[in-house]
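Below you'll find the structure, written out as structure tokens, and then a few comments.
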Amino acid sequence: MANMYMVSCRREFWSANDFSTADEIRHLDLNGNGQAPSVPPATFLGAMAGKRVTVLVHGYNNEQQDVLDSYRTIDEQMRLLGFLGRANAPYDALVGFAWPGGASGVSFPFARGRAEDAAPRLRQLLASLQGSGAIVDINSHSLGAHVTFEALRDATANVVRYAWNFASAVDNESVEKGERYYSAAQRCQKFYVFHSKNDPVLRTWYRIGDFSDFDTALGYSGPEDPRAIMDHSRN
């Protein structure tokens, strides 16, 4: 049975489009229906104290079952590969973060606005985990990168050790010096970007959704100027 603490800023924990007034924490069976009693923040932070933790941030258009399925898959694969659940494994726990990323494939601009609104909630989670003595890494996917980068950009301290960013739905120049997320990339010991031109969603729908600039996604092409990244961002 795969269990995971999950922190949600969604209304009634699972609304795909609406925010809650306050975050809720549950200790969920990832093979279950997503329902469980709320856990007090002190209990959650006590369970994470001193541990090596990866926070998972899902992307666009993820309803309740999508979140449970993807987080369960990550948990299973990390255990299979020895990253979790064994003696001397690199990580002690995964923590899921749920934000209202939408429930249809045509609402990207609205979801991007909610991603920005979710960032302070994620930033508070990261700061609370760090305050408990946890070593915190973060794993973002797709539009979850927008949530993550906004959270790190406005953080007052380095709340994350390593950031692992997959198929990032942010502009491909955004982590370069002088751009919006340059400071976010500097707030980690290591900042990783995984990208692929075989990604059909980022190839087409990101550019359509980014109708104001029609830009290219970081998760599709990698950084616009990789040489500059290597010169000014050794991390």
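The values are calculated or read from the model by the stated rules, or taken from the named source; none is laboratory data. These numbers were taken from a predicted model, which means no experiment stands behind them. Neighbour counts run over all protein chains shown; Cβ positions are idealised from the backbone, glycine included. In case anyone asks, the SASA skips ligands and DNA or RNA and just uses the protein heavy atoms, side chains included. Shrake-Rupley method; radii C 1.70, N 1.55, O 1.52, S 1.80 Å.
General observations
- Full extension of the chain between Ala49 and Asp92 yields a length gain of 14.4 nm, computed as 0.36 nm times the residue separation minus the alpha carbon distance.
- Label-zone membership for the range 137-154, site Leu81, 7 angstrom Cα→C-beta point, backbone N under 20 Å: 137-145
- Computed from label points 7 Å out along Cα-Cβ, the spacing between Thr73 and Gln189 is 2.9 nm.
- Over the range 121-235, all Cα pairs binned in 5 Å intervals from 0 give whole-percent P(r) values of 2, 12, 23, 25, 18, 12, 6, 2, 0, listed from short to long.
- The length gained on full extension between Asp231 and Ala157, counted as 0.36 nm times the residue separation minus their Cα-Cα distance, comes to 24.3 nm.
- Between the beta carbons of Ser221 and Ala22, assuming R0 = 41 Å, the FRET efficiency works out to 0.60 to the nearest 0.05.
- Set of lysines near Lys51 by C-alpha distance (under 29 Å), chain-local residues within fewer than 8 positions excluded: Lys190
- Only beta bridges with both residues in the chain are counted; by DSSP, about 25 percent of them are antiparallel.
- Descending semi-axes in whole angstrom, ellipsoid equivalent of the range 132-172, from the Cα gyration tensor: 19, 12, 7
- Accessible-area composition of the chain, carbon plus sulfur, in percent [1.4 Å probe]: 51
- Solvent-accessible area per residue, Å², over the chain with all protein chains present [probe radius 1.4 Å]: 46
- Normalised convex hull volume, the range 1-113, alpha-carbon set, Å³ per residue: 108
- Relative to the Cα centre, the charge distribution of the range 45-129, modelled as +1 at Lys and Arg Cβ and -1 at Asp and Glu Cβ, gives a dipole magnitude of about 300 debye.
- Each part reduced to its alpha carbon centroid, the range 123-165 and the range 14-44 end up 19 Å apart.
- Rg [Å, one decimal], Dmax [Å, integer] - the chain, C-alpha atoms: 16.9, 50
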